[in-house]
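First comes the structure, then the notes that go with it.
The values are calculated or read from the model by the stated rules, or taken from the named source; none is laboratory data. What you see is a predicted model, and the numbers here were worked out from it, not measured in a lab. Glycine also receives a Cβ, built like all others from the backbone with ideal geometry; neighbour counts cover every protein chain displayed. Ligands, DNA and RNA are stripped out before the accessible areas are found, and what is left, the full protein with its side chains, is counted by its heavy atoms. Shrake-Rupley method; radii C 1.70, N 1.55, O 1.52, S 1.80 Å.
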Amino acid sequence: MRHLLSVLLENEAGALSRVVGLFAQRDFNIETLTVAPTEDETLSRLTLVTIGDDRKIEQITKHLNRLIEVVKVIDLTDNVHIERELMLVKVRAETDSRAEVKRTCDIFRGQIVDVTPNTYTIQLVGPTEKLLAFIEAIGSTKIMEVVRSGVSGISRGTKVLSV
């Protein structure tokens, strides 16, 4: 099962490396990973997606909590949460297919952020499923390049991930 983990860790050199190393040592795969400083400049929030059953996720969480730099770990999958991912996709947009690409972009509430005579670069934000649906709808023959940010997530309501 897919799990979205939110990790609050000290914003210091090597902290991210130790978290990633922990996953590598135990042969756990990280599907996506995003990390950035929080409103408290001494802390960073790391959001990662991994696959595993409840036992495996519990083991990952225990190992993460043992790291000195880790302040708190929450499995957002267990709670009501919001998740988003950013994707930039460069597609072929020759004269005859430009209108079709634009319509597909509009349907998915994407934005065309760059235009050349033969290409559009489209920005989409949303849940991973939406981005995958766009890729399928636009067709692999038109896609030249895809860049994705990885998933970011946050709990809904008053629940916060803080110290």
- Task: Per DSSP H run of n ≥ 4, the term is -39500 (n - 2.57); total these for the chain, divide by its residue number, and report the mean residue ellipticity at 222 nm rounded to 500 deg cm²/dmol.
- Result: -8500 deg cm²/dmol
- Determine the share of the range 33-163's accessible area contributed by carbon and sulfur atoms, expressed in whole percent, with a 1.4 angstrom probe. 52
- Simple label model, 7 Å out from Cα along Cβ direction - VAL115 to ASP96, nm: 2.1
- For ARG84 and LYS72 in the same chain, what is the full-extension length gain: residue separation times 0.36 nm, less their Cα-Cα distance, in nm? 2.2 nm
- What residue among VAL91, VAL115, VAL71 has its Cα farthest toward the positive end of the dipole of the range 50-163, where the charges are +1 on Lys, Arg and -1 on Asp, Glu, each on the Cβ? VAL71
- Given 0.36 nm per residue, what is the gain on full extension from GLU41 to ILE143 after removing their alpha carbon distance, in nm? 32.9 nm
- Under a plain spin-label model, where a point goes 7 Å from the Cα along Cα-to-Cβ, how far apart in nm are LEU22 and ILE154? 2.4
- Computed for the chain: size of charge dipole around the Cα centre, +1 on C-beta of each Lys and Arg, -1 on C-beta of each Asp and Glu, debye to nearest 20, value 200
- Can you give the accessible area per residue of the chain, in Å², using a 1.4 Å probe? 58
- Query: If one computes the Cα centroid of the range 1-36 and of the range 64-124, what distance in Å separates the two points?
  - Reply: 22
- Please name which of LEU5, THR104, VAL35 has its Cα lying farthest along the dipole of the chain towards the positive end, using unit charges on Cβ (Lys, Arg +1; Asp, Glu -1) and the Cα centre as origin. THR104
- Message: Give the lysines reachable from LYS72 as a straight Cα distance under 26 Å; neighbours fewer than 8 places away on the same chain don't count.
- Response: LYS56, LYS62, LYS159
- With every protein chain in place, the accessible area of ASP106 for a 1.4 Å probe, in Å² rounded to the nearest 10, comes to 80
